[in-house]
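In what follows, a single structure is set out as C-alpha cells and then discussed.
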Amino acid sequence: MKQLFTIDLKDYNPNSKKFYRPSVRGIIINNDGKVAMIYSQKSHFYKFPGGGIEGNETHLETLAREIKEETGMSLIPESVKEFGEVLKIQNGDESGENIIHIQQNYYYTCKVEDEIGEQNLEDGEKALDFVLKFVSIEEAIATNSVFESDNAFEKQIVERDKRILEMLASRVR
C-alpha cells in the first residue's frame, strides 16, 4: 500500500520497548458527497471509522468489524479499495516507562449497505461519546482544524484524519 505520510513526534527514547498496533480505517462517501465520520460529542472532533487488527484478522475482516461496531453499517466487501497508509510514532505510555507506540493505519475507500443499525462501542469510545455523522469533507476539516487537547493520542488522531480529509478534498475538486 502506498505510504501517504508519517507522523513522528520523536517524544520517546529510541531505545525503549516498541508496541506495534496495525489498524484499518474506512473512507465512506455517500451519494450526496458526504463522508461518514465518527464524531466525539465530548471532545468535538471527527475520525474515520476503524480500529486495531485483532489476532489473525485480515484487513478486510477488521474493516468490516470496525465499521459495524462504530457505525452500525455493513461493509460491501467487493467495494473496498486501497487509499493509502499513514505511519504514526509517538510515546505510548503515560506511566513513565516510555514505550514507543508505532501504529500503521491502513485507509480504504469502501461502500456500505443503506441500513444503519446500532453501534457497539468499546468503553473508551463510549466515554468519548462517539456518534456516526455524515458531514461534508469541509465541515470535518474545519472542526478538526480548531481542535485542542492536552491528550497526545487524541491530537494525533485528529491531525492524522484531518490530513486524510484534506487529501480527499483535493481529489474531489
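Listing for the model above:
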item: Single unsatisfied condition, Ser149 versus (1) modelled with pLDDT under 95; (2) within 24 Å of Leu4 (Cα to Cα); result: (2)
item: Top-ranked residue of segment 1-47 - restricted to ones that are over 19 Å from the mean Cα position of the chain (by Cα) and of a type in the set (D, E, K, R), ranked as nearest to Val86 (Cα to Cα); result: Lys10
item: Filtered residue count, segment 104-127, keeping only those that are under 11 Å from Gly26 (Cβ atoms) and of a type in the set (Val, Ile, Thr); result: 2
item: Pairs where the first residue, in segment 141-164, is within 19 Å of Gln104 (Cβ to Cβ) and the second is among the aromatic types (Phe, Trp, Tyr) and surrounded by fewer than 19 Cβ atoms within 10 Å (Cβ to Cβ), C-beta under 6 Å, 6+ apart; result: Val158/Phe147
item: Residue in segment 50-63 that is closer than 18 Å to Lys133 by Cβ and within 18 Å of the chain's Cα centre (by Cα) present; result: yes
item: Helices (runs of 4 or more DSSP H) wholly inside segment 78-173 that include at least 2 residues being within 14 Å of the chain's Cα centre (by Cα) and more than 19 Å from Lys34 (Cα to Cα); result: 152-172
item: Members of segment 8-46 that are at pLDDT below 95 and among the aliphatic types (A, V, I, L, M); result: Leu9
item: Conditions (1) within 14 Å of Gly26 (Cα to Cα); (2) in contact (Cβ under 8 Å) with a residue 12 or more places away in the chain; number of the one not met by Glu78; result: (2)
item: Subset of segment 11-50 (residues that are without any contact (Cβ under 8 Å) to a residue 60 or more places away in the chain and surrounded by fewer than 11 Cβ atoms within 10 Å (Cβ to Cβ)); result: Asn15, Asn31
item: Test: residue in segment 85-97 that is under 20 Å from Ile164 (Cβ atoms), in contact with a Leu (Cβ under 8 Å, 6 or more places away or on another chain) and at pLDDT 95 or above; result: yes
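The values are calculated or read from the model by the stated rules, or taken from the named source; none is laboratory data. Because the structure is predicted, anything quoted here is derived from the model rather than measured. Reconstructed Cβ throughout: ideal geometry from the backbone, glycine too, with neighbour counts over all protein chains shown.
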